[in-house]
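Inspection log for the structure reproduced underneath, given as structure tokens.
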Amino acid sequence: MDDLVDRAAATAQRAGAVSTADPGSDQGSGPGSDQSPDEGPVRLELLPMTAEVNGEGSLAVGGVELLELAERFGTPLFVYDEEHLRARCREAVAAWGDGVAYATKAFLCLAMARLVHEEGMWLDVSTGGELHVALAAGVPAARLVLHGNNKSDGELARALGSGVGRIVVDSFDEIERLARLVPLSSTTTDRRQAVMIRVTPGIEAHTHDFVRTGQEDSKFGFGLASGAAADAVTCVRALPGLDLVGIHAHIGSQVFRVDSFAEEVEVLAGFFAPLGLPELCVGGGLGVPYVATETAPSIAQWAETVHRACRGAGIPADTVITAEPGRSIAASAGITLYRVGTIKELPGLRTYVAVDGGMSDNPRPVLYGSGYEAFLPRAAAAARPKAARVVGKHCESGDIVVADARLPGDVVVGDVVATPVTGAYGYSMASNYNKVPRPAVVFVANGEARVVVRRETDDDLTRLDG
Ligand code: LLP
């Protein structure tokens with residue numbers, strides 16, 4: 001994160017862009033007027049690391065102008081900065097060591113699976129579908145971790161047959177299934193399947209806060225307090241085809257306070273240490289800033305906090321401590337580009353700026369009330385005095401892209417609007433609601449753009465119909 005911030009500051013300096021209000025480039029309020037900080041240009045810290053504002057004020061990522069990408073590939077369009085993705089993977093490997101896994105649910109396609117594998121991370125897959133994509137990308141099964149609270153016989157058989165590196169066992173039903181399936185697979189592969197047990201530590205992390213739930217009310221894993229986790233250890237150890245290598249826990253997502261992870265370690269330590277197991281995985285969950293008012297620890301700071309907590313809690317020094325970041329790898333590497341189709345000024349109420357996507361490419365605002373920022377790539381260094389609500393094209397009032405956006409005063413129909421930090425849980429949760437085809441995804445690097453997922457066509461919308 002530090003290098004990202006430094007890079008963004010350097011870019012801002014080079015381009016004359018500013019990360020707070022810049023009265024000189026103000027397009028709405030008069031000279032000398034007070035500009036609140038959120039009327040300033042989009043903060044470069046929210047943009048991918050290779051983002052650069054050129055002399056005319058337009059934004060390039062990976063050496064390619066965003067406006068050019070919108071022209072060439074159409075909108076909506078997911079744009080990923082490949083260098084940013086690679087940098088975050090490398091940071092994760094440097095901080096956690098071998099075994100750290102990318103949580104593919106954040107964003108997965110063949111190119112992403114290959115990139116993450118090339119950079120030395122394992123891949124966490126939580127369904128047969130994610131497993132299929134990772135294997136199709138050529139990632140060795142030995143570097144995959146299979147998750148899921150309700151793995152089917154088929155998913156488990158495929159995982160066992162392909163030889164995934166770890167299966168994270170989540171329920172007693174699953175242990176029974178494994179007891180049935182492992183002998184079948186081991187006759188052909190003659191190997192013991194390495195498994196971890198997912199434990200619910202009774203901690204629920206929230207965005208800015210965390211609470212102990214006490215009652216461990218979760219569909220995931222085995223509760224510590226109830227004794228279920230200890231029983232699971234006994235059951236798994238009794239199965240000769242399984243090799244229990246460690247304990248896994250995951251406390252939540254978009255966690256800004258690394259103290260939550262230290263708390264997780266403290267709760268787990270008393271259970272974990274006496275088991276004498278070689279591995280402990282603390283899950284994913286590190287938060288990222290989506291809007292200018294947020295800040296988050298870096299992957300390195302997260303790992304350091306967990307390592308310190310492990311030492312303090314008496315976890316043996318030779319334990320392999322791992323994690324599964326998803327969002328913190330992919331989120332701020334991605335930007336979504338939309339085209340403005342209509343602008344409605346409702347006097348005394350608000351301005352609606354409608355774009356050609358919406359809840360089908362980013363359901364997070366609808367699902368979680370998530371906040372985003374918006375800016376115009378043609379004027380990335382311009383002030384944004386105009387308050388507007390950026391909405392999509394779906395048939396629901398809740399179809400909001402950015403509830404409280406700030407835009408330059410001269411935004412017009414036909415403009416390209418960008419929302420930063422859409423690289424995680426955007427495309428991966430996209431749908432065809434209203435039969436809107438899903439956008440294309442491009443990776444940009446060194447002045448080149450390549451389509452890694454093509455745009456859906458109208459024909460794709462009927463390809464499953466009988
Ligand atoms: N490991 C496990 C077992 C998980 O369940 C998850 C996320 C992760 C790792 C990765 O967590 P991350 O580092 O990405 O926070 N759709 C929601 C996020 C759901 C996360 C589910 N599990 C969103 O858009 O915010």
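Things worth noting here:
- The listed residues are ASP217, ASP170, and the only one of them that is modelled with pLDDT of 95 or more and within 25 Å of ILE251 (Cβ to Cβ) turns out to be ASP170.
- Considered as a group, the residues in segment 90-104 that are more than 13 Å from the ligand (Cβ to nearest atom) and touching an Asp or Glu at 6+ places or on another chain (Cβ under 8 Å) include one that is nearest to GLY165 (Cα to Cα), and that residue is GLY99.
- Counting only strands (runs of 3 or more DSSP E) wholly contained in segment 205-320, the ones carrying 2 or more residues that are in contact (Cβ under 8 Å) with a residue 40 or more places away in the chain occupy 242-248, 279-281.
- Candidate set from segment 430-460 (those that are under 20 Å from the mean Cα position of the chain (by Cα) and farther than 22 Å from LEU47 by Cβ); member that is most open to solvent (accessible area, probe 1.4 Å): ARG438
- Members of segment 241-250 that are within 15 Å of the ligand (Cβ to nearest atom) and open to solvent by less than 20 Å² (accessible area, probe 1.4 Å): GLY246, ILE247, HIS248, ALA249
- Test for TYR102: is it within 18 Å of the chain's Cα centre (by Cα) and under 16 Å from ILE299 (Cβ atoms): yes
- Candidates GLY223, GLY227 - the one that is open to solvent by less than 30 Å² (accessible area, probe 1.4 Å) and at positive phi: GLY227
- Selection count, segment 337-378, where residues are surrounded by 23 or more Cβ atoms within 10 Å (Cβ to Cβ) and hydrophobic (A, V, I, L, M, F, W, C): 7
- Among the residues making up segment 51-70, those that are open to solvent by 10 Å² or more (accessible area, probe 1.4 Å) and either of a type in the set (D, E, K, R) or in a helix (DSSP H, G or I) (or both) are GLU52, GLU56, GLU65, LEU67, GLU68.
- Residues that are within 24 Å of ARG43 (Cβ to Cβ) and β-branched (Val, Ile, Thr) were ranked within segment 330-347; the one that is nearest to the ligand (Cβ to nearest atom) is THR336.
- Residues that are over 22 Å from ARG450 (Cα atoms), among the aliphatic types (A, V, I, L, M) and away from the ligand (no atom under 13 Å from the Cβ) within segment 105-132 comprise just one, LEU131.
- Considering the conditions (1) at pLDDT below 50; (2) open to solvent by 60 Å² or more (accessible area, probe 1.4 Å), ASP38 is excluded by exactly one of them, (1).
- Taking segment 321-350 as the range and being in a loop (DSSP other than H, G, I, E, B) and farther than 22 Å from GLU119 by Cα as the test, the residues that pass are PRO347, GLY348, LEU349.
Residues are listed down the side, and each one gets a yes or a no for (1) touching a helix residue (DSSP H, G or I) at 6+ places or on another chain (Cβ under 9 Å); (2) away from the ligand (no atom under 16 Å from the Cβ); (3) closer than 30 Å to GLY414 by Cα:
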{"site": "ALA229", "(1), (2), (3)": "yes, no, no"}
{"site": "LEU239", "(1), (2), (3)": "yes, yes, no"}
{"site": "GLY252", "(1), (2), (3)": "yes, no, no"}
{"site": "VAL267", "(1), (2), (3)": "no, yes, no"}
{"site": "PRO274", "(1), (2), (3)": "no, yes, no"}
{"site": "GLU279", "(1), (2), (3)": "no, no, no"}
{"site": "THR322", "(1), (2), (3)": "yes, no, no"}
{"site": "SER328", "(1), (2), (3)": "yes, no, no"}
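- For THR422, the conditions (1) outside any loop (DSSP other than H, G, I, E, B); (2) within 16 Å of the ligand (Cβ to nearest atom) all hold with the exception of (1).
- One residue alone among ASN434, ASN446 is assigned by TED's automatic domain parsing to the domain that holds ALA383, touching a Cys at 6+ places or on another chain (Cβ under 9 Å) and at positive phi, and that residue is ASN434.
- Every listed requirement among (1) surrounded by 19 or more Cβ atoms within 10 Å (Cβ to Cβ); (2) assigned by TED's automatic domain parsing to the domain that holds TYR102; (3) basic (Lys, Arg) is met by ARG389 save one, (2).
The values are calculated or read from the model by the stated rules, or taken from the named source; none is laboratory data. This structure is a prediction, so every number in the text was calculated from the model and none was measured. Note: ideal-geometry Cβ built from the backbone for every residue, glycine included; neighbour counts use all protein chains shown. Protein only, heavy atoms only, side chains kept; ligands, DNA and RNA dropped before computing areas. Shrake-Rupley method; radii C 1.70, N 1.55, O 1.52, S 1.80 Å.
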